[in-house]
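The values are calculated or read from the model by the stated rules, or taken from the named source; none is laboratory data. Values in this document were obtained by computation on a predicted structure and should not be read as measured data. Heads up, the Cβs are rebuilt from the backbone with ideal geometry, glycines too, and the neighbour counts pull from every protein chain shown.
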Amino acid sequence: MKLFLRLLGFTAALVAVASLYFAPRLSISPDLNGDLQTASVDPMPLSAYCPGALAEVGGEQGTDLGSIDRVGKATFNLWGVEAEPLENGGLFAQVKSKDQSTKLLSANQTQAVSRPRLAGLAATYCPMPAAQGYFLAGDSGPGSESVLHLANPNDVDLVVDLELQLAEEVVQDRVPLAAGEHKLISLVSLSGAESSYAVRYQTSGLPVAAFMQLREVSGLNATGVALVPPTKPLVAGSLVGLVVAENAFVAPRLRVFNPGLESVDLNLQAINGEEFELVQIKVPAGTLVEKDLKLPAGASLISFEASAEVALSVRNDVITTKLDFEWLIPTEVFDRALFLRSPGNTQLVLANPSLTPIDVVVSSGTSQQLRLEPRSQQIIAVSRGELSISGSGFLASLHILSGAGYAVIQPLEMQNLGESIEVLVR
Amino acid sequence: MSALSVAAVVVSHAKPEYLKTTLSGLSAQSLRPKHVIVVETAADQLSMDLARNAGFQLITPGNLSLNSAINAALDALPKDFGWIWILHEDSAPELGALHALAQAAEISPSVAIIGPKLLHWDDPRRIQQLGLTATKSGKPFLLVADQYDQGQHDSIADTLSASTAGMLIALDAWQNLDGLDEQTPIYAADLELGLRARAAGYRVMVEPSARISHAGLSMSGERTKSWTGGSRYVARAKAHIHIATTLLPLPMVVLLYLAMPAIVLAGIPYHLWTKRPGRILGQLAGWLWAWSSVGQRFAARARTRSLGSLSGARTLLASAKQIRQRKLDALIEMPDDPKPLTGLFVSNQAWFALLPLILSFKLWPQGAIFSEHLAPLSNQISEIFASTAAFGLPIGSGLDAPTDPFNWILLAIAAISPLGSDWAIGTWLFIAPALAYFIAWQFAAAFLSRPWLRTLVALGYSLSPFVLGQALQGNLVELTAALFAPLALLFGYRAVQSQTNARALRWAGLAAISFFGLATSAPSLAALAALILVSLGVSRPRRLVLQLLSLVPGVLAYLPWLSFWMASSTPELALSTSWATTGQLSLELAPWSLVLALAALFALFGLVRASAGLWFGGLSVVVGALAVAYFEPSNASPQLGLALLVLLTLGASGIKYSSKAMAVLTAAVFSGTVALGAYQAWEAKTLEVRESRLMPALVVAQAQANLGDVLTLKISQAEQIEAELIWGDGLQLEQRSVASKHLQAPTPSVEVAQLTAALLAGNSDGVADLVNKLEIGFILLNGEPSAIAQTEVAIGSMEFLQPAGKSEFGTLWRTEVDSSSAPETKPDPLRQEIILSLLIAALLALPSPAVVRGYRRSRRGEE
C-alpha cells in the first residue's frame, strides 16, 4: 500500500508536469530596438577624377633615368557634366547637388597606346576620390612596371601615406601632395623587384584620386597595359566582367590581401552558366595570396564571402592582335539606374548576384528589357555614347576588346551621404 | 538547639506542584518554626487545600506583591517571634535548613539577614545561587551560579545581599528597613534590601550549610509578565538600571540616564550577534521605563542612602576577576559527542570540488568579460552602490525607472572580489560550479547520511547544464540563482529543525541572506522558496515567525521593482531582475531536458527507501519548480536545477546497501555526470575577455574629472547607421537595466539623427549648434575601417571638432562642450531599510562563540 501510494504520487507528479504543456507560456515583449529616424542634409559636392594619359618611365627607350612623362592622350567619356582636362593631365569634375547619382556625374576614360615599351588599351572608371584604398595589382618583377597616379583635387595640401605589403616586409613612404597636384610615382624604388605586392594608401584628411598603372613587356615587345582604380576590403561581394577568352593562354589570377590581424577564410565561387568553380583559401593576416582560377571560357560571375574583410582582385589576360591584360575589382550592386557614356567596341556585362530574378532595361540608342536569372550574367553589345541601365540589384561592367587591346571599365555608384540617411537612435 | 523564635512565611502564587514539596520540607524541619503561615496571593484552591492539609495557617489577601504579602502575613501572626523566614512556594528547604540559618544568626548581633545555599530544583547537586551582589555598574550578579556543589564555596559568609527565597531576616530589621520596596523592580528587590541593610549597619550573610531547592520560576520566565514587570529581559534591564541609580555616584547616574539611548543603540549589534534579540527590546523598554519613572528611581536612591553610607557595601561588589570567571563558567562545555566522520572535509569528499573547478578551466579569470549579456562593472564600488536600489537610469535624457534588483548581487560580488570589480564577474563564474558542489553537498547532507551519496548528488548538480553549463555560457544571473535557491531552502530547513534559539536565529539569518540573493536573481523561484519556507514554519509553529522574518530583506528589495512594473502594466517584466538575464528556454530535446528525464528515472530508487516526508515533500518541490520553470518568461535553469537537485536527492536516498549492483549504478551515475560536465566544458566557447573600459581613455578621464557629467555621441557605421548618447565612461553592467531594454528613454532622436547625418555627410551646417544644444562633449565613430574611412574624412573636415585619436572603440573627436549634466540617480526610499535588514541578518548569521565552538550558553547560569 505504501509503495503503491508513493508510485501514485510519482505518477501524479509526472502527469502534473506533463499537463503543463497545454498551458500557455508567459513571454516578455521583445527588446526595444531604438528609434529609427530619417534625416537629410546637403551632401558634399559630387566629384570624379580621371587620371588622364598614361605615364612612361625612363623615356621612350627606357634609358632616361628619373624621367616619368605622360604619353599620348586619354579619351574622357563624361555623363552629366562638361569638364576640361587639367594642366596636370588629369580631369576633375565636380557638381554640387542634393540629388546625387551617376546621372549627375559619371566618367570614364580610355587610352590606346602603341609604343615600343608601352602598348595596349587602358581604361578605367573615374570614381570619387577617397581617403584610403588598396591596390593588389602591384608588380615590379622582370618585364613589369607599376606606376601610381596620385592626385589631390582639393584646394589644400595634404600628405598621402603609402604602405607596400611585400613578401617579406612592409615598406612605407609618405608623399606630400600640393593642392591640385597630380603625382606619378614609379613603385620600383619602393618595391624592389617584387613581382607581387599590395599597396595601401591613406591620406592625412581629405580624399585623393589614386590609380595604379601597370605595364608589361616581354623581351622587346610590349605585352599590355592596365589602369586600375583602387579597391577596398569587403566581407562579401561580387566581381563582374571577367570574360575568359576561348584562346586564353594564361588562367585568370586571383590576388587576395588580408589587412586584418587574424587569418581569414575565403570562399569564392565562379559561376559561368551551369559551370561552377569553388575556391576556398585561408589568407594569413597581412599577407597577399595569389591563386590561378581554372575557369571555362566565357563570362564568369565571381561571388565571395570571407570570415573578415579582405581586398581582392583578379587579373585576366587576353590575346587579340596584341597581348593585353586587365585587373578587375569587386564592385557594388546598383540599387538604382546607372548612367555612363560608353566608348566604342564595347560589350555590357550585366550580372544578377542574388537568388531571385531581376528585370533591367538597357538603353543604348534603343531600349531593351532583360530578365537576369539568379546568379547569372548576360553580355550585350552596346554602341558608343550614352548608356543607361534601369533596375535594381544588378552588377555591370564594360568589356572592351579591340585591335588596340583589352580593358574593362567597372562603374561605381556616385553618391555622397546626405539624402534620407536612416539613423537608428538608441 | 537554637533558641531563635522564627515565623516562616510562605508566599504562594498558584503553583501547587511546587508548594506541595515546599510545605513538605517545611514540615520536616529539625528546628520547627514557631509559626508557619502560607500567603496564597492567587487564591488558588489547590494551593489553599495543601496549606490547610499541612496544618499551617493560611491567608489569601489578594494578588499582592511579595512585600505586601509578607507584611500581610506579619499582620496575621501574633507578635511573639524575632525572625522571619521567607520562603517562596518554589523553595523547598532541606531538613536542617532553618537550623543552620538560625545558628548563623547567632554569630553576631549585627547579623540581620542570612541567605541559604539555593540548589537547582531538578538537580540538587548543582548550586543555583549562593549570595547576591552587583557589578560596579549596578548589574545584579550571582556570586556562585550553576556549579556542582563540592563544598568549594562553603567558606563564603558575608555578602551584599541574598535571595528572598529562604532568607532569614530579623523582624526588627525588616521593620526598620520597611521591608521590600514596592516600587523596586522584582529582580532588584532582594538586592536592594541587602543594600539598605548594609547601609543601615546590618550584616548580611549566607549560610552554605542551609540548603534549599529553588525552582527560580521568576528568573526562568515562568511567572506571568505582570508579576515580573515585563519579559525576563525587561525585568533584568529594569533591575540593572534601578540598582545602578542607587549605587553609582550622582554625576554617573545623570550621565547614565542621558546616555541610555546611545547605550541601547550600541548594544543592538552585540545582542544580534549573540543571538539574543530579546535583550534589545529589554534594554529599550528599560530605557523608556527609567525615563518615565525617573522620580521613583531617585526617590529609592534617596531612601537607601538616607539609611547610611554605601561605602562599606562597595567592598562586597563583584570583582573583575569574579566577573571574568562568571563569564567562563557560563559557557559550559557539553559532553563531547563522538565526532561524525561524515562531514564534507572529514570524509575527504571536499576533494571532489576540484572536478567542477577543473571543468571551469575556460572561465579562468582574466579580466572583464564581454558578451551579449555581460558587460564590465564599474571599477568603483561607490558607483556600483549608487546604482543599487536606486531610481533613474543614465540613458538618453534620463530614464525614470528603477535599477535592477540584481545590482545587489553585483555589489556583493564586486565587494568580495579579491582582484577588483573588473575581475569580479569572471571570478564568480569560475568558482560558482565549485561553490555549487559544496552547497549541494550540504543540501544532500540534510537528507542523506552517506558521504559518497552526497557527493554523487553534489556532482550531479554542480556539473549539470543548470550550473556548469550556465557558468560556461556566462549566464551570471541564472548561475547565481542556482547557488542561492538550495541555500535558502537548506537554511530555512535548518532553522526549523534547530533545537536551540541561538542556532535557529543563525540559520534564519543565513536563510534571509540566501533568500535575498534568490529574490534578486530569480523572483519566481523565490516565490516558490517562500512558500516552502512558510510551509516548514507552519509544520513547526514555534519557528514560523523566524521563517517569515527571514523573507523580509528579499521582499523589501523586490517590492519596489514589482510595484514599478505593475504600475507600468507589464507585470511579467517584474520576473526578470537583471539586464543580464538570458532568454526563455525552449522546450526541446537538449542536454538539460535529457538530464532532467534521467534524474526523474533515478529518483525512482527512492521509491521504497526514502522517508514518506522526503518522498512527497520532494515530489511537491519538483512539481512546483517545474511549474514555475514552465511559466518563467526568462531562462528557467535555476528552477530546473532545483528540481534536478531534489530528484537526485530522492534517488540517492533509496541507495541503502552497498551491493555490487548499487556500486555499478552509482559508478554509472558518477561517470555519466563527469562525462556530461567534460562535454559541456569541451563544447563551450571561450568568453570574450578584454580591458574593462567601455569608452576611449580620454572620455573616461574626462568623465572621472567631471564626475560623469560628459556626454558622447557614439555613431556606429555599418549596414545600419546607429547613434547613441552615452553618459560618462559608458554604460557599465550595473547601469544597464531591464527597463532600458523595454522602456524608451526620452531622447532627442530627431536632433541626434540630424547631427549624425550631418557628420556622416561632412556637412558642417548647423553641426556646432546641435552639438552645443545636445551638450555633446565627444563624438565617437565606430565601424570597420573601410566603412568609416570616408566618414572620418567628412567629420575631420569640420574645424570645430578636434581629433582626439583612434582606439579600439573607434575614432574620437572632441567638441568645445566641457561638461553636461548627467541624469540623476536617486536612492530608492527603501534602500536604508534593505541595508538594515541585511545587517541584522548578517549579524544573526555571524557565528557567535557558543555556536561555533559547539558550546552552549547555560541558561541556568544566567539566573
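Some values worked out for this structure:
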quantity: Qualifying positions in segment B:60-77 - farther than 12 Å from residue B:189 by Cβ and within 42 Å of the chain's Cα centre (by Cα); calculated: B:63, B:64
quantity: Residues of segment A:41-61 satisfying the condition of being closer than 30 Å to residue A:99 by Cα and more than 7 Å from chain B (Cβ to nearest Cβ); calculated: A:45, A:46, A:47, A:48, A:49, A:50, A:51, A:52
quantity: Residue count for segment A:126-144, restricted to those that are assigned to a strand (DSSP E or B), more than 10 Å from every other protein chain (Cβ to nearest Cβ) and surrounded by fewer than 23 Cβ atoms within 10 Å (Cβ to Cβ); calculated: 1
quantity: Within segment B:101-159, strands (runs of 3 or more DSSP E) holding 1 or more residues that are within 14 Å of residue B:213 (Cα to Cα); calculated: B:111-120, B:126-129
quantity: Residues that are in contact with a helix residue (DSSP H, G or I) (Cβ under 7 Å, 6 or more places away or on another chain) and not in a helix (DSSP H, G or I), drawn from segment B:249-265; calculated: none
quantity: Selection status of residue B:762, more than 9 Å from chain A (Cβ to nearest Cβ) and touching a residue at least 24 places away in the same chain (Cβ under 8 Å); calculated: no
quantity: Whichever residue in segment A:44-78 is modelled with pLDDT under 90 and hydroxyl-bearing (Ser, Thr, Tyr) and, among such residues, is surrounded by the fewest Cβ atoms within 10 Å (Cβ to Cβ); calculated: A:63
quantity: Residue within segment B:632-650 that is crowded, with 21+ Cβ neighbours inside 10 Å, touching a Ser or Thr at 6+ places or on another chain (Cβ under 8 Å), of a type in the set (Asp, Glu) and assigned to a helix (DSSP H, G or I) present; calculated: no
quantity: Elements of type helices (runs of 4 or more DSSP H) contained in segment B:2-100, each with 1 or more residues being touching a strand residue (DSSP E or B) at 6+ places or on another chain (Cβ under 8 Å) and modelled with pLDDT under 90; calculated: B:66-76
quantity: Single residue of A:326, A:422 found to be assigned to a strand (DSSP E or B) and within 14 Å of chain B (Cβ to nearest Cβ); calculated: A:422
quantity: Enumeration of residues in segment B:740-759 that are more than 7 Å from chain A (Cβ to nearest Cβ) and either surrounded by 21 or more Cβ atoms within 10 Å (Cβ to Cβ) or under 27 Å from residue B:404 (Cβ atoms) (or both); calculated: B:740, B:743, B:745, B:746, B:748, B:755, B:759
quantity: Close pairs (6 angstrom Cβ cut-off, 6 or more residues apart or separate chains): closer than 26 Å to residue B:12 by Cβ in segment B:150-173, in a loop (DSSP other than H, G, I, E, B) and modelled with pLDDT of 85 or more anywhere; calculated: B:162/B:131; B:171/B:82; B:173/B:202
quantity: Given (1) farther than 22 Å from residue A:105 by Cβ; (2) surrounded by fewer than 17 Cβ atoms within 10 Å (Cβ to Cβ); (3) in contact with an Asp or Glu (Cβ under 8 Å, 6 or more places away or on another chain), number of the condition residue A:425 does not satisfy; calculated: (2)
quantity: Test set (1) within 14 Å of another protein chain (Cβ to nearest Cβ); (2) buried (at least 17 other Cβ atoms within 10 Å of the Cβ) - residue A:222 fails condition number; calculated: (1)
quantity: Count - residues of segment A:384-418 that are within 14 Å of chain B (Cβ to nearest Cβ) and either modelled with pLDDT of 95 or more or touching an Asp or Glu at 6+ places or on another chain (Cβ under 7 Å) (or both); calculated: 3
quantity: Filtered residue count, segment B:577-616, keeping only those that are among the hydroxyl-bearing types (Ser, Thr, Tyr), touching a helix residue (DSSP H, G or I) at 6+ places or on another chain (Cβ under 8 Å) and either more than 30 Å from residue B:402 (Cβ to Cβ) or within 10 Å of chain A (Cβ to nearest Cβ) (or both); calculated: 2
quantity: Neighbours by Cβ (under 6 Å, 6+ apart or cross-chain): first from segment B:784-803, more than 8 Å from chain A (Cβ to nearest Cβ); second polar (S, T, N, Q) and assigned to a loop (DSSP other than H, G, I, E, B); calculated: B:798/B:764
quantity: Any hit, segment B:545-558, residues being out of contact with any helix residue (DSSP H, G or I) (no Cβ under 8 Å at 6 or more places or on another chain) and either assigned to a helix (DSSP H, G or I) or at pLDDT below 95 (or both); calculated: no
quantity: All helices (runs of 4 or more DSSP H) inside segment B:462-535 with 2 or more residues being under 17 Å from residue B:557 (Cβ atoms) and within 22 Å of the chain's Cα centre (by Cα); calculated: B:476-497, B:501-519
